[in-house]
Amino acid sequence: MLLERVGGGFAPCHLSRVSEAKSTSSAPGSCTSAAEKETGGAEQREKQYRAHQGFGDRRGGVISARTYFYASEAKCDQHMETFLSCIDASSASSQDGFSAIKLTALGRPQFLLQFSEVLVKWRRFFHQMAAEQGQAGRAVLEMKLEAEKLQEALANLSVATKAESQRWFTGEELGVSGTVDLLDWNSLIDSRTKLSKLLLIPNIQTGQLEPLLSRFTEEEDLQMKRMLQRMDVLAKRATEKGVRLMVDAEQSYFQPAISRLTLEMQRRFNRDRAIIFNTHQCYLKEAYDNVAVDLELSRREGWHFGTKLVRGAYMEQERERAAKIGYDDPINPSYEKTSEMYHRCLDYILEEIKHSPKVNVMVASHNEDTVKFTLRRMMELGIHPSEKKVYFGQLLGMCDQITFPLGQAGFPVYKYVPYGPVDEVLPYLSRRALENRGFIQRTKRERELLWREVKRRLLAGSLFRRSP
Ligand SMILES: Cc1cc2nc3c(=O)[nH]c(=O)nc-3n(C[C@H](O)[C@H](O)[C@H](O)COP(=O)(O)OP(=O)(O)OC[C@H]3O[C@@H](n4cnc5c(N)ncnc54)[C@H](O)[C@@H]3O)c2cc1C
């Protein structure tokens, strides 16, 4: 996806269509490891993180996002080349360009599913330990486990002997203060260490110890590494070209891994400026906690934080999947709750921008109230558009009545520009035109505004104006 700065440069999104039959048949295969197929281990995965035939076509109910399906490693390389061209194009057309990518285009989604499950189980285990220490219900960053008690609990549960957990903590220099918080805890699960492969943790329902991560075959290990290498190549090119690379958010069963891998890139590439942007979806019940935890990590480690804030594109599919398969709906119960969450997350980030030059946000929304809210809060907090810490993002052809005045008023505002063969881009754009219930009202509003302007010009006798 190429983002065009209004009055500035571009960034592309490429589109290529996969038939429904092909996508449905390939998805479960690409979401299950060979070891799981042999041992039936996939059945032990939590429901949310299992591949399901009925949801093989992940485009179901998704009208506002591009969906990729795994075909082969060669196809992933091709996607990477396209993303590289997007970065080059973005750099050639402006000095402050963005380019957007999707991780499901860069490797087998099975790895994202499994890694997501690991991260979620690990975080849940932290909450379980916090509850045992009488800290249930506290804000996530206020939960601080006493290291001594934690070690005892881990030993009692046979997860790790005291000596073992001591080694984890000293290896990562944790618990020095006598407490361990969620960030410390998360740092134990490093995609590059062997820890997650060896660890057994208790299943809350059955009380049995289960492996945190099922084994990958050598080939799958390689596929995972190739995906990480592709991300690396893209991040390096973006850094070289001075283009910000935005990683799109996807379905909730992939998203913990996508977000975590993006965060790993931010740690490495955002030392001097925000090159890598994550995406936070505010329709998720856990959105505020996610934003707070990621921002705190950037603060603690001193790198530049950048995120694109969206409401979320996969609501209907997420709801249907959760209901059919039988797990908690990850989405806020109403539109109003999602909007409340959006404004809460945004407010938290804007407050941080006021105090730190290292924080950046893209307000990716067509919602007029959200844009007005942002402008009001920026004014109240004294954040000037010229600081270029707050960006606005909208889709090409949508919400121009918001985009252009923002651009003219000096705000950095970008248009998402998809590109590809006409027969593939047009259906995509028409799906996007239907994307949400606010669209028709917004079109009416655009028509009203245009009509008002025509009348004003007629009355002023200046229907056709020449630009100076
Ligand atoms: C530049 C840009 C980049 C984007 N990138 C991504 C991305 O990476 N990942 C992604 O998932 N989406 C992405 N989107 C799409 C985005 O998440 C929204 O789907 C879309 O923008 C509509 O939301 P809105 O704020 O513009 O408009 P609105 O009309 O105000 O909001 C509609 C949205 O509200 C939420 N909603 C609607 N009804 C309910 C309900 N009953 N209960 C709970 N929530 C509800 C849904 O998220 C719905 O899409 C992007 C959008 C833009 C403009």
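Numbers at a glance
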read-out	value
Neighbours by Cβ (under 6 Å, 6+ apart or cross-chain): first from the range 367-386, more than 18 Å from Ile402 (Cα to Cα); second away from the ligand (no atom under 16 Å from the Cβ) and open to solvent by less than 100 Å² (accessible area, probe 1.4 Å)	Leu381/Leu350; Ile383/Ile353
Residue satisfying condition, being within 16 Å of the ligand (Cβ to nearest atom), over 15 Å from Cys345 (Cα atoms) and surrounded by fewer than 18 Cβ atoms within 10 Å (Cβ to Cβ), within set Gly397, Gly382	Gly397
Condition broken by Val293, with the remaining ones in (1) open to solvent by 30 Å² or more (accessible area, probe 1.4 Å); (2) in contact with a Leu (Cβ under 7 Å, 6 or more places away or on another chain) satisfied	(1)
Close pairs from the range 270-281: first closer than 18 Å to Ala292 by Cα and small (Gly, Ala, Ser), partner open to solvent by less than 10 Å² (accessible area, probe 1.4 Å) and modelled with pLDDT under 95, Cβ under 7 Å, at least 6 apart	none
Qualifying positions in the range 236-263 - surrounded by fewer than 23 Cβ atoms within 10 Å (Cβ to Cβ) and more than 16 Å from the ligand (Cβ to nearest atom)	Lys236, Arg237, Thr239, Glu240, Lys241, Gly242
Top-ranked residue in the range 398-433 [being part of a helix (DSSP H, G or I) and in contact with a helix residue (DSSP H, G or I) (Cβ under 8 Å, 6 or more places away or on another chain); ranked as modelled with the lowest pLDDT]	Ala433
Of all residues in the range 337-369 being more than 18 Å from Gln281 (Cβ to Cβ) and basic (Lys, Arg), the one that is surrounded by the most Cβ atoms within 10 Å (Cβ to Cβ)	Lys358
Tabulated pairs, the range 391-404, first assigned by TED's automatic domain parsing to the domain that holds Arg311 and of a type in the set (Phe, Trp, Tyr), second assigned to a helix (DSSP H, G or I) and modelled with pLDDT of 85 or more, C-beta under 9 angstrom, 6+ apart or interchain	Phe392/Val371; Phe392/Thr374; Phe392/Ile402; Phe392/Thr403; Phe392/Leu406; Phe392/Gly407
Unmet criterion (only one of (1) over 19 Å from Arg244 (Cβ atoms); (2) among the hydroxyl-bearing types (Ser, Thr, Tyr); (3) surrounded by 19 or more Cβ atoms within 10 Å (Cβ to Cβ)) for Ser334	(3)
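Quick grid of which residues meet (1) open to solvent by 60 Å² or more (accessible area, probe 1.4 Å); (2) part of a loop (DSSP other than H, G, I, E, B):
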{"residue": "Gln114", "(1), (2)": "no, no"}
{"residue": "Val120", "(1), (2)": "no, no"}
{"residue": "Phe126", "(1), (2)": "no, no"}
{"residue": "Lys149", "(1), (2)": "yes, no"}
{"residue": "Glu152", "(1), (2)": "yes, no"}
{"residue": "Ala160", "(1), (2)": "no, yes"}
{"residue": "Thr170", "(1), (2)": "yes, no"}
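The values are calculated or read from the model by the stated rules, or taken from the named source; none is laboratory data. All values derive from a computational prediction rather than experimental measurement. Positions of Cβ are backbone-derived with ideal geometry, glycine not excepted, and every protein chain shown enters the neighbour counts. Ligands, DNA and RNA are excluded from the accessible area calculation, which covers all protein heavy atoms including side chains. Shrake-Rupley method; radii C 1.70, N 1.55, O 1.52, S 1.80 Å.
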